[in-house]
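Accompanying notes for the structure given below.
The values are calculated or read from the model by the stated rules, or taken from the named source; none is laboratory data. This is a predicted model, so every value here is computed, not measured. Quick reminder, even Gly has a Cβ in these numbers, built from the backbone with ideal geometry, and neighbours come from all protein chains shown. Ligands, DNA and RNA are stripped out before the accessible areas are found, and what is left, the full protein with its side chains, is counted by its heavy atoms. Shrake-Rupley method; radii C 1.70, N 1.55, O 1.52, S 1.80 Å.
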Amino acid sequence: MKTISNRNLNMWEESLREYSGLVFTICYTMTGDYFEAEDLAQETFLSAYRNLHRFQGENMKAWLTKIASNKCRDYLKSAARKSLPSSDESFIALADPEPLPEDVILQKDVNAKLYRLCGKLKEPYQTVALEHFVRGRDPAQIALDQGKNVKTIQTQIYRARSMLNHLWKEEFR
């Protein structure tokens, strides 16, 4: 078993307090990544602790600086670093295009409530609301089907939205 002298252990503890900022700065400067710099600084002190039995009393600051720069160089050369996605776009591309099951259930519930509330509206708002809000049709399609002006349908949609909003608030207070 490797033994660490009390002197070396005390020096290591003091250097941890005294040089942690310096080691982090070296790591951050070399990597440009705050979180990687934190990890590498931690690895530097862990490596120094593991190899403390080899420390011959030279300059602790220089020893830690060398370990930190070597850790950063190894990190910058590593294949794992190069294979990591560099932006959020990589994660977005991996996202499942299907909605979550709970979102599907919530949407069905909202659609059922909306359908029920549309049924409480008087004509012509009931038909327009069902076509637009439940079936997702745009005003031009509805106007064409009903033989009405698009502006008339847009006005009816606007009024139906207001009525639905009022009914929704009343029902779910």
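Could you run through segment 147-173 and say how many residues are loosely packed, with under 12 Cβ neighbours inside 10 Å and of a type in the set (Lys, Arg)?
3
Being of a type in the set (Gly, Ala, Ser), at pLDDT below 85, surrounded by fewer than 17 Cβ atoms within 10 Å (Cβ to Cβ) and part of a helix (DSSP H, G or I) is true for just one of 86, 90, 47. Which residue is that?
Values: 86 fails: part of a helix (DSSP H, G or I); 47 fails: at pLDDT below 85.
Answer to the selection: 90.
Any residue that is among the polar types (S, T, N, Q) and at pLDDT 90 or above - is there at least one of those in segment 120-130? Steps first, answer last, please.
Keep residues of segment 120-130 that are among the polar types (S, T, N, Q), which gives 126-127.
Checking which are at pLDDT 90 or above leaves us with 126-127.
Yes, segment 120-130 contains a residue that is among the polar types (S, T, N, Q) and at pLDDT 90 or above.
Which of the residues that make up segment 134-173 are assigned to a loop (DSSP other than H, G, I, E, B), at pLDDT 90 or above and among the small types (Gly, Ala, Ser)?
147, the sole residue that qualifies.
Within segment 14-38, track down each residue that is within 25 Å of the chain's Cα centre (by Cα), surrounded by fewer than 18 Cβ atoms within 10 Å (Cβ to Cβ) and in a helix (DSSP H, G or I).
Of everything in segment 14-38, those that are within 25 Å of the chain's Cα centre (by Cα), surrounded by fewer than 18 Cβ atoms within 10 Å (Cβ to Cβ) and in a helix (DSSP H, G or I) turn out to be 34, 35, 38.
If I filter segment 142-153 for residues that are touching a Pro at 6+ places or on another chain (Cβ under 6 Å) and in contact (Cβ under 8 Å) with a residue 24 or more places away in the chain, do I get at least one hit? If you could, list the steps in order and put the result at the bottom.
At the first step, the residues of segment 142-153 found to be touching a Pro at 6+ places or on another chain (Cβ under 6 Å) are 150, 153.
Narrowing the set further to residues that are in contact (Cβ under 8 Å) with a residue 24 or more places away in the chain leaves 153.
Checked against the condition, which is being touching a Pro at 6+ places or on another chain (Cβ under 6 Å) and in contact (Cβ under 8 Å) with a residue 24 or more places away in the chain, segment 142-153 yields at least one hit.
Within segment 120-133, can you find the residues that are in contact with a Leu (Cβ under 8 Å, 6 or more places away or on another chain) and either outside any loop (DSSP other than H, G, I, E, B) or open to solvent by less than 60 Å² (accessible area, probe 1.4 Å) (or both)? Quick ask: steps written out before the conclusion?
Going residue by residue through segment 120-133, those that are in contact with a Leu (Cβ under 8 Å, 6 or more places away or on another chain) are 120-121, 129, 133.
Within segment 120-133, 121, 129, 133 qualify.
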